[in-house]
Amino acid sequence: TVNGATTAQDIPLQVPCRCAEEEILDIAGIVAIGQEVNENDNLPGGDTDAGIVGGTTLDAECGRYYYEGGIVTGESFNLNAEGRVVLYVDGDLDVNGISITVEEGAEVDIFVNGDLIIDSAATFGQEEFPAAVRLYVAGDLVLGASSRFAGNVYAPRADIDFNGSFVMFGSLIARNIGFNASATIHFDSAIRTAGEDCPEPDPGEGEGEGEGEGEGEGEG
């Protein structure tokens, strides 16, 4: 004998993402801010103005770096983040392979104002804290081989076909997604609260404040 009850009620519609054209994140505008506000003078290696980077390993403790013309190389691009790092890529991120590693407590945001094209293997982030890696792509996303993502990918205009095996710990937003090989996705709910680490500044903070002393003599 099975005892129970039936309850009928309305189920609220859960909108999966803000995907209307006017709601899509302005990645180009964010990259334009990075052109004006960055720490390129402290960049440990690489020519950010050339738009072409050779096989590069970037060890970054903390900072915002702007790449004019994108990052294009027939070799691999490796980023090791030891603190909070932001890359503004004004163009395509087109590389043979890519590896992004983050130490515990570090975070990475990459804004690509173009396409993300990876010809070979791709490894993003650490499975222990995927909410620490965020990737924003204005154009298409092309993956030519097996990929392992431990992060959150936002590519609302991209049509993505995974032709190799794909493992994700995090989240993925795209226009269309096709899996042509094995795929495993683990959604990381921690991304929902990632922004809570950035409190709103107090009203008027940093405005109209200051102290100073001075003496002077003059004739006129």
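Odds and ends about this structure:
- Prolate/oblate/rounded label for region 29-162 (Cα gyration tensor, a/c 1.5): rounded
- Residues in region 80-117 reached by a label modelled at residue 24 [backbone nitrogen below 15 Å; 7 Å Cα→Cβ]: 112-116
- Residue 11 exposes around 150 Å² of accessible area when a 1.4 Å probe is run over every protein chain in place.
- Here residue 1 and residue 185 are evaluated by their C-beta separation; at R0 = 41 Å the FRET efficiency comes out at 0.55.
The values are calculated or read from the model by the stated rules, or taken from the named source; none is laboratory data. The structure presented is a predicted model; accordingly, all values stated were derived computationally and were not measured. Positions of Cβ are backbone-derived with ideal geometry, glycine not excepted, and every protein chain shown enters the neighbour counts. Accessible surface areas use protein heavy atoms only, side chains included; no ligands, DNA or RNA. Shrake-Rupley method; radii C 1.70, N 1.55, O 1.52, S 1.80 Å.
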